[in-house]
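Trainee: Starting off with a structure, shown below.
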Amino acid sequence: MSSSESQDPAAASEAQISKKAAKKEAAKQDKLRRRQEIAAASAATANLSVDEADPLAANYGDVPLIDLQSKTPTDVSEWTRVEALGASLENKTVLIRGRAQTIRPVGKKMAFLVIREHGYTVQCLVQAQPDTVSPQMVKFAAALNRESIVDVEGVVSIPAAPIKGATQQVEIQVRKLYCVSRAVPTLPINLEDAARSEVEIEKALQAGEQLVRVNQDTRLNFRVLDVRTPANQGIFRVQSHVANAFRQFLLSEGFCEIHTPKLIAGSSEGGASVFRLDYKGQPACLAQSPQLHKQMCICGDFGRVFEIGPVFRAEDSYTHRHLCEFTGLDVEMEIKKHYFEVMDVVDRLFVAMFDSLNQHCKKDLEAVGSQYPFEPLKYLRNTLRLTYEEGIQMLKDVGVEIEPFGDLNTEAERKLGQLVLEKYGTEFYILHRYPLAVRPFYTMPCYDNPSYSNSFDVFIRGEEIISGAQRVHVPEFLEQRAAACGIDVKTISTYIDSFRYGAPPHGGFGVGLERVVMLFCGLNNIRKTSLFPRDPLRIAP
């Protein structure tokens with residue numbers, strides 16, 4: 001009998017009660033802390049309310065709620081983006097809105113603010129002057145909470161010395177300052193800490209200093225703050241560009257964008273990694289991919305289709321590259337003679353995508369690299385293609401033994417990526433003709449050796465980002481393959497039936513958006529490229 005089974009029931013009950021009491025007390029303390037923060041914020045607002053005795057009181061203060069309820073229409077052209085602030089606006093009055101990133105009082109009659117809007121920052125000077133800026137206004141500015149949203153009206157000037165703490169090399173001489181939304185006095189994470197690189201932290205340690213390191217769980221718990229850092233802004237703008245480049249390229253090649261259901265009757269990939277649920281009294285699953293429906297669209301004569309949408313995998317994977325929900329970039333297309341036609345699309349698509357990222361996302365990539373240094377991806381104009389057997393042989397030649405009809409594990413993938421880079425000078429390549437045993441049931445076997453398949457994987461920096469193949473379009477053979485892979489044919493009967501009405505030969509592939517961005521930017525964890533990650537331990541925020 002185990003120690004847990006032999007434990008005294010009364011002691012176990014008491015321990016459980018103590019645990020509940022501790023949890024209750026922790027919740028109580030958390031609620032008290034929040035109340036204190038709100039009270040402190042309210043007190044600060046009360047102390048800094050517009051001084052009626054100040055003749056310039058109308059030039060600053062907290063914006064009343066009634067004025068934020070779409071009370072008065074405004075001309076958007078009256079506002080200037082921080083990004084647009086430059087020397088051409090010297091001596092002109094501008095109106096900007098942004099976050100108070102830093103607040104630095106200098107005595108009672110001067111304060112500097114750095115205002116941030118969408119990654120761009122500008123220095124603002126609030127200085128007491130007769131008829132424009134009162135000492136009370138300087139006090140109001142100095143007492144703002146960081147990350148509060150403010151409206152600033154002022155005159156653009158060009159300082160004699162370069163400004164080190166802002167992206168824009170102009171300064172705003174503040175004439176009016178209003179707080180639109182106050183942040184709490186104490187933020188759960190400091191943006192300056194969250195934006196710090198490991199290189200900076202290590203240098204400080206060597207110099208005998210200790211800087212705050214914000215760990216990954218803390219970042220994800222307060223993700224809304226974490227994504228405000230320059231690197232994260234860059235990551236998700238790069239991600240947006242990847243999805244857009246994917247869409248635009250495929251549209252230019254005659255593909256039609258589709259939207260398939262994410263609630264399905266049976267597993268779309270096979271295996272146990274599926275989220276099962278009750279659908280109005282019937283068993284159902286969250287789609288592991290749009291695989292079945294995108295093939296049905298080919299049977300429906302769309303010819304070439306693609307989808308960008310959520311994909312669900314109930315894997316108990318705690319690795320740096322797996323998630324329970326990610327964004328899938330999926331493609332399916334008719335082929336005339338050979339599955340290489342699909343690989344040709346992959347080749348052109350990704351070379352065009354990489355070129356576009358390097359050309360149009362320089363600022364974002366620099367922002368990512370400043371916190372997470374990485375080398376630009378090396379790729380060829382014509383993507384390298386190797387057979388699975390050739391890849392296995394390269395590994396064998398350096399003493400790495402691989403099961404001939406097995407799959408590559410993570411270590412083997414990385415080693416092969418290293419060997420390919422050394423021999424061919426590329427970090428992006430295609431490995432095709434995989435063993436049939438490690439591919440999904442709908443994969444077409446090779447004509448000359450049924451132990452292999454007309455399938456391929458694509459790699460970036462030694463990690464897989466794409467799986468693709470020619471599909472089985474003969475219904476009788478598809479039933480055999482499904483049954484052999486342990487799939488209940490009844491649950492996918494409508495899928496198989498779609499091939500009974502005449503189906504053209506076809507193939508396709510699926511890409512993980514987050515994984516593409518992670519590897520292109522040389523990042524070490526997929527949670528950095530998932531806006532609100534879902535893994536076996538996280539379903540919030």
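Trainee: For the condition open to solvent by less than 60 Å² (accessible area, probe 1.4 Å), basic (Lys, Arg) and within 35 Å of the chain's Cα centre (by Cα), what is the one hit in Arg116, Arg104, Arg81? Explain how you work it out, then say what you get.
Mentor: Numbers: Arg104 fails: open to solvent by less than 60 Å² (accessible area, probe 1.4 Å); Arg81 fails: open to solvent by less than 60 Å² (accessible area, probe 1.4 Å).
Going through Arg116, Arg104, Arg81 in turn, just one is open to solvent by less than 60 Å² (accessible area, probe 1.4 Å), basic (Lys, Arg) and within 35 Å of the chain's Cα centre (by Cα): Arg116.
Trainee: Tell me, please, whether a residue that is touching a strand residue (DSSP E or B) at 6+ places or on another chain (Cβ under 7 Å), part of a loop (DSSP other than H, G, I, E, B) and surrounded by fewer than 15 Cβ atoms within 10 Å (Cβ to Cβ) can be found in the stretch 161-169.
Mentor: Taking every residue of the stretch 161-169 in turn, at least one turns out to be touching a strand residue (DSSP E or B) at 6+ places or on another chain (Cβ under 7 Å), part of a loop (DSSP other than H, G, I, E, B) and surrounded by fewer than 15 Cβ atoms within 10 Å (Cβ to Cβ).
Trainee: Out of (1) open to solvent by 30 Å² or more (accessible area, probe 1.4 Å); (2) assigned to a helix (DSSP H, G or I); (3) under 20 Å from Ser455 (Cα atoms); (4) in contact (Cβ under 8 Å) with a residue 12 or more places away in the chain, what's the single condition that is false for Gly417?
Mentor: (1)
Trainee: Among the residues of the stretch 295-330 satisfying the criterion of being of a type in the set (D, E, K, R) and free of Cβ contacts under 8 Å to residues at least 60 places away in the same chain, which is nearest to Pro541 (Cα to Cα)?
Mentor: In this case the residue turns out to be Arg313.
Trainee: So, one more: Among what's in the stretch 430-442 and is surrounded by fewer than 22 Cβ atoms within 10 Å (Cβ to Cβ) and part of a strand (DSSP E or B), pick the residue that is farthest from the chain's Cα centre (by Cα).
Mentor: Filtering first and then ranking leaves Pro435.
Trainee: Against the definition (open to solvent by less than 30 Å² (accessible area, probe 1.4 Å), touching a residue at least 12 places away in the same chain (Cβ under 8 Å), of a type in the set (D, E, K, R) and not assigned by the TED database to the domain that holds Phe441), how does Arg196 come out, yes or no? Break it down into steps so the answer makes sense when it comes.
Mentor: Details: open to solvent by less than 30 Å² (accessible area, probe 1.4 Å): yes; touching a residue at least 12 places away in the same chain (Cβ under 8 Å): yes; of a type in the set (D, E, K, R): yes; not assigned by the TED database to the domain that holds Phe441: yes.
So Arg196 fits the description; yes.
Trainee: Here's something else I'd like to know. So which of Ala265, Ala284 ends up being open to solvent by less than 20 Å² (accessible area, probe 1.4 Å), out of contact with any Pro (no Cβ under 7 Å at 6 or more places or on another chain) and in the same structural domain as Arg471 (by the TED database)?
Mentor: Ala284
Conditions tested, residue by residue: (1) in contact with a helix residue (DSSP H, G or I) (Cβ under 7 Å, 6 or more places away or on another chain); (2) under 16 Å from Leu523 (Cβ atoms).
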position	(1), (2)
Arg348	no, no
Asp364	yes, yes
Arg381	yes, no
Leu386	no, no
Ile392	no, no
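This table checks each residue for (1) touching a residue at least 12 places away in the same chain (Cβ under 8 Å); (2) of a type in the set (A, V, I, L, M).
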site: Ala57; (1), (2): yes, yes
site: Pro64; (1), (2): no, no
site: Ser77; (1), (2): no, no
site: Leu89; (1), (2): yes, yes
site: Lys92; (1), (2): yes, no
site: Thr102; (1), (2): yes, no
site: Ala111; (1), (2): yes, yes
site: His118; (1), (2): yes, no
site: Gln123; (1), (2): yes, no
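Trainee: Of all the residues that make up the stretch 352-379, how many are open to solvent by 80 Å² or more (accessible area, probe 1.4 Å) and either in contact with a Gly (Cβ under 7 Å, 6 or more places away or on another chain) or not assigned by the TED database to the domain that holds Val242 (or both)?
Mentor: Going through the stretch 352-379 one residue at a time, the tally reaches 2.
Trainee: I need the helices (runs of 4 or more DSSP H) fully contained in the stretch 200-257, keeping only those with at least 3 residues that are under 17 Å from Ala367 (Cβ atoms), open to solvent by less than 10 Å² (accessible area, probe 1.4 Å) and in the same structural domain as Gly522 (by the TED database).
Mentor: 230-252
The values are calculated or read from the model by the stated rules, or taken from the named source; none is laboratory data. Remember, predicted model here, so these are calculated numbers, not experimental data. A quick note on method: Cβ atoms are made from the backbone with ideal geometry, for glycine too, and the neighbour counts reach across all protein chains shown. Just so you know, the surface numbers come from the protein's heavy atoms only, side chains and all, with ligands and any DNA or RNA stripped out. Shrake-Rupley method; radii C 1.70, N 1.55, O 1.52, S 1.80 Å.
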